[in-house]
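The values are calculated or read from the model by the stated rules, or taken from the named source; none is laboratory data. Just so it is clear, the structure is predicted and the values come from calculations on it, not from any experiment. Every residue, glycine as well, gets a Cβ built from its backbone with ideal geometry; the counts of neighbours run over all protein chains shown.
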Amino acid sequence: MEKQTPTFIDLFAGIGGFRLAFEQAGYKCVYSCEIDSACQEVYFNNFGEKPKDDITKIDIEKIPDFDVLTAGFPCQPFSICGKRQGFEDTRGTLFFHICKIIEAKQPSVVLLENVKHLVHHDRGRTLDIILYSLEDLGYLVDYKILNSKDFGLPQNRERIIIFATKNKKFDFNLIETNNCIKKLEEYLCKQGYFEYLKKQEYTLIENPKKQSSGLIFVGYRTNKTTWKKGVRPNTQHLSRVHHQPNRIYSVEGVHPTIPSQETSGRFFIYIPKENKVRKLTIKECYRIMGFPNSFKIHDSVAECYKQIGNSVCIPMIYQLAVQINKQNLMRSKEKIYNHNINFYQRKPVQLEILEVAVMNHKQKLLEIYYQSSDLENNNQLPDPIIEYINVIAQNCSKQKGVYTVLITLLIHKILEPTQDIRYHQTSMAGGFSGRTIDTQYITPTLKELGLPAMAESGWLTRSLEQPYPYTLKYEGKINNKSVKNAFLSIIDFVEEHPDKTELITKLLIYQIKQATQSNRIAIVKLANPEKLNIITVINCLDTHFSYNYKTFGASKLPVIAFYAIYQRLIQEVERYKECILKDLGSHTASDRTSKTAGDIKIFDKSKKLIEAIEIKYGKPISLQLVLNAKDKILKYSPRRYYIFSSVDIYKEDEIKIKNEIELIARNHGCQVIVNGIIPTLKYYLRLITSVENFIENYSRLVEQDRELQAIHKIQWNNILKTLE
C-alpha cells in the first residue's frame, strides 16, 4: 500500500510556526485559522494562504479530514473552572471550539502548546479540565514541560505540550533532544545596525554565575526602575530586583524567554569579546526561535516582536512532528475485529472486519469478555494463581477498585507486552498512565457489560492511587489483606510470565461473570397491580428497606425507590416538564470520589441542575450533614437540595440546622428541604396517577441493579408474593 502524506490543521496559527515545523517533517497542511490580521498577512506572505479568521464562526463540516490537529491556543479563563465536569466545563471558551472540531473530525492526534504557567493556572484546575475534556472525547492524554534550549536553541523557553492520541499514548521519553546547549553568540548577526548602550547607561556585576537554566545575568541598565521594597542590603545587583527589560545577559549563555508583551524589543545582551552591551536585533529574535533567515516578517517592528513572542520554537515542534510518525500514532489500515454488540442481550450479534485503528483497550476487553469460558486448559497456570484469581472474583463487588485496576493492567499488558505494568503512573520511570486508560476505556466498558464497576475509575480509590509501583512490597493500604496479596501476586506473576497474561485475564473475567451471575434474579410481576394503594406500597417499601440484611448494599434501596418516583414525576408533574433525570450512579462511591451533587439529580432542558437529592438511610440529619450539603450547593448551584433520612434530626442540632438552612436560602438562593424517607415517599406517591407504575419501575430497577446483592432481590420477591 502506498504511504500517504500525513496531514494536519493549523489552529491559532499565528505566523505559522507549527506549519513550518510540520512541513519540514513531511506533513501537508490542509487548513489554517488565525484571527489577527497582522499575523494573517505574514502567514500569507510565507505560505500563500490566508487563514480563516475566527474559530468561533468556522463551518466545521468544511474542514477537510486530517490526521493531526495542532493549536497554540490562548489560556483563556474557564467560565465554570474547577467543577471537573470534563467537556461540559469548556463551554464558552476558545478551547471549547477546539473540542468541537475534535469531536466532529476525530483526528488521530491532537497537539496543543501553551505557556508553562498553565500547569498552575487556577491552582491547576484549568489544566485538569483540559485533560478531562480531551479524555471525554475518547483520547489518551498526557503532557510535559519542554524547553527550547534542549532542542538546539539558545533560549530558556519552557512550554507545556499536551498530547491526545487515539490508540497509543505519546511517549515523551522518545523525543530526540540536544544535550549540548548552544550559546547565544552562535546565533548573532555578524553585520547590520546594532543599538549599543553607552557605558554610563548600564552597570555590570562582578563574578557573574551561570544559572542552571543556562542564563548568565551580568548586569542591568542604570537609572531604570528597580524593586525597592523588601530588598535586602547588598542584594541590589541581583537580577530579581530588576524588571526584565532592564536586565542584561551574557551571550556566552542562553537568552531568557522572548515574551509577546515586549513590543519595544528591550532585550539587552553583553558581548565579552567586544566588552559592549547592545539590544538583540529582531532578526536574532527570530533566529533563536528557529525561524529561517528567509522568513518574511511584518513591516512593523512592534508587530514583529509581538508575533515572535507568541510563536513556537521550530526545532522542538519539528521533533514532536517526527515522533508522531515514528511512534505510529496516526490511523493505520490494519484489519481488526470490531464487535457490534447488543448490550441488552449481552452477546455479540456479529463480527465485522473494519479498516480502522489498531485494537484499543476497550476492543481487547470486549474480545476477552466474549472469548472467556470455563477454560479447561487453566492447568497451564499454577494452583496459587488460580486461587488468587478466585479471590479477586469473589470480592469484585466489595473491592471494585482493586479488580478494576487489575483488569486495566492486564489488558494493557496484553496490548503492550514490554510495558512493566507495576509502574502505573507517568511520574514513575518507564511508567504509563493506568488511570487514563481505566477512565477512558475499562470502567465504561465494564458498565456496558453489566459487570461491577467504579463510578469513574479504580484509581480514585485512595489505597490504589499511591505513588508506589505495584510490587509485592506495595505500601498502599488495601483493607482486605487476602485481596491485596492476590492483586500483587497476579501482577508479579504476569511480569515474570507475560505469555500467560491473556489466559489469566480470560479466566478472571469468566470467574467475575460467574460471581455476579448469582445476583441476576428476576423479580416477579403482580397479577393485579391495580389493586395496590399508597398505604400498602409504603408498607412494602418500609419492610424492604428495614429487613435485617447480613450483607452490604441495602442503603441503595431507598435511593432506587426515590429514583423510581422521579421517573414518574418527570412524566406526570407539570413543574418537571422537559426536565432530565440523570442516570442513577454508583452508591458505593462517596460524593467526593464520584464528583456528584447527590444521589439523584434533575436538570432543566438547558442542562442546569435544578434539584439534587441526598438520601441517608440509618443516619440522622445533623448540622454536619447540612454543612456538607452547603459545600455541594456552592459547587453545583441547584435550586433545591433535599436531604431525606430514615432517622430523625439530631435534637441538639435542630435550631442550628434551621438557621443554616435560612442562611443558605438568603445568601445562595437555594431551598434546602429535610425530611424523613417514608413520609416523603408517601407524599410523592400522592402526586402520581398510579402506584402500579411506580411498583413496576421500582421492581425493574431492583432487578437490573448490579450493586444490590441477591438477598435484596429475593426479599423484594417475597414481599410481592404476600400481595397475591
**OP:** Tell me, yes or no, whether region 615-628 has at least one residue that is of a type in the set (Phe, Trp, Tyr), at pLDDT below 90, out of contact with any Lys or Arg (no Cβ under 8 Å at 6 or more places or on another chain) and more than 25 Å from residue 544 (Cβ to Cβ).
**Re:** no
Subject >> Residue list for region 168-185, restricted to those being surrounded by 14 or more Cβ atoms within 10 Å (Cβ to Cβ) and either among the aromatic types (Phe, Trp, Tyr) or not in a loop (DSSP other than H, G, I, E, B) (or both) >> reply: 170, 172, 184, 185
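Go through region 550-582 and report how many residues are among the basic types (Lys, Arg) and outside any helix (DSSP H, G or I).
Looking only at that region, the number is 3.
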**OP:** Identify the single condition in (1) modelled with pLDDT of 90 or more; (2) surrounded by fewer than 20 Cβ atoms within 10 Å (Cβ to Cβ); (3) over 25 Å from residue 175 (Cα atoms) that residue 310 does not satisfy, given that it satisfies every other one.
**Re:** (3)
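Looking for whichever is modelled with pLDDT under 90 and either basic (Lys, Arg) or loosely packed, with under 13 Cβ neighbours inside 10 Å (or both) here; the options are 350, 363. Which one fits?
Result: 350 is the single residue among 350, 363 that is modelled with pLDDT under 90 and either basic (Lys, Arg) or loosely packed, with under 13 Cβ neighbours inside 10 Å (or both).
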**OP:** Filter region 103-148 down to residues that are in a helix (DSSP H, G or I) and touching a residue at least 60 places away in the same chain (Cβ under 8 Å) and give me whichever is farthest from residue 57 (Cα to Cα).
**Re:** 148
Original post:
Exactly one of (1) of a type in the set (D, E, K, R); (2) over 25 Å from residue 569 (Cβ atoms); (3) touching a Pro at 6+ places or on another chain (Cβ under 8 Å) is unmet by residue 692. Its number?
Top reply: (2)
Original post:
Any idea how many residues of region 138-178 are farther than 24 Å from residue 68 by Cβ and touching a helix residue (DSSP H, G or I) at 6+ places or on another chain (Cβ under 8 Å)?
Top reply: 3
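Could you please let me know if residue 163 is within 34 Å of the chain's Cα centre (by Cα), surrounded by 16 or more Cβ atoms within 10 Å (Cβ to Cβ) and of a type in the set (Phe, Trp, Tyr)?
yes
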Original post:
What are the pairs, 6+ residues apart or on separate chains, where a residue within region 623-635 that is in the same structural domain as residue 647 (by TED's automatic domain parsing) and crowded, with 17+ Cβ neighbours inside 10 Å has its Cβ under 9 Å from a residue that is among the aromatic types (Phe, Trp, Tyr) and at pLDDT 90 or above?
Top reply: 629/641; 630/641; 632/641; 633/641
Original post:
What number goes with the only condition from (1) touching a Gly at 6+ places or on another chain (Cβ under 9 Å); (2) not assigned by TED's automatic domain parsing to the domain that holds residue 381 that residue 478 does not pass?
Top reply: (2)
Subject >> Candidate set: region 525-575, residues that are β-branched (Val, Ile, Thr) and at pLDDT below 90; chosen: the one surrounded by the most Cβ atoms within 10 Å (Cβ to Cβ) >> reply: 573
Original post:
Given the conditions (1) under 28 Å from residue 499 (Cβ atoms); (2) in a loop (DSSP other than H, G, I, E, B); (3) in contact (Cβ under 8 Å) with a residue 24 or more places away in the chain, which single one is not true for residue 465?
Top reply: (1)
Subject >> One residue from 477, 484 being among the basic types (Lys, Arg) and part of a helix (DSSP H, G or I) >> reply: 484
**OP:** Under 9 Å between Cβ atoms, at least 6 apart or on separate chains: pull out the pairs that start in region 429-444 with a residue that is on the phi > 0 side of the Ramachandran plot and end on any residue that is surrounded by fewer than 24 Cβ atoms within 10 Å (Cβ to Cβ) and assigned to a helix (DSSP H, G or I).
**Re:** 430/173
**OP:** Tally the residues that are within 22 Å of residue 316 (Cα to Cα) and aromatic (Phe, Trp, Tyr), restricting the search to region 121-162.
**Re:** 2
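Would you mention how many residues in region 30-42 are more than 17 Å from residue 112 (Cβ to Cβ) and either free of Cβ contacts under 8 Å to residues at least 60 places away in the same chain or aliphatic (A, V, I, L, M) (or both)?
7
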**OP:** Sort out which residues of region 13-44 are at pLDDT 95 or above and of a type in the set (Val, Ile, Thr), and write them in order of number.
**Re:** 15, 30, 42
Original post:
Looking only at residues in region 186-221 that are in a loop (DSSP other than H, G, I, E, B) and of a type in the set (D, E, K, R), which one is surrounded by the most Cβ atoms within 10 Å (Cβ to Cβ)?
Top reply: 195
**OP:** For region 259-273, name all the residues that are farther than 15 Å from residue 186 by Cα and of a type outside the set (A, V, I, L, M, F, W, C).
**Re:** 259, 260, 261, 262, 263, 264, 265, 266
Original post:
How many of the residues making up region 604-622 are out of contact with any Pro (no Cβ under 7 Å at 6 or more places or on another chain) and either loosely packed, with under 13 Cβ neighbours inside 10 Å or not hydrophobic (A, V, I, L, M, F, W, C) (or both)?
Top reply: 11
**OP:** Return yes when residue 463 is over 17 Å from residue 516 (Cβ atoms), surrounded by fewer than 20 Cβ atoms within 10 Å (Cβ to Cβ) and at pLDDT below 85 and no when it is not.
**Re:** yes
Original post:
Looking at region 258-294, which of the residues that are hydroxyl-bearing (Ser, Thr, Tyr) and crowded, with 16+ Cβ neighbours inside 10 Å is nearest to residue 206 (Cα to Cα)?
Top reply: 270
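Of all residues in region 395-405 being in contact with a helix residue (DSSP H, G or I) (Cβ under 6 Å, 6 or more places away or on another chain) and not small (Gly, Ala, Ser), which is surrounded by the fewest Cβ atoms within 10 Å (Cβ to Cβ)?
Going through the qualifying residues, I end up with 395.
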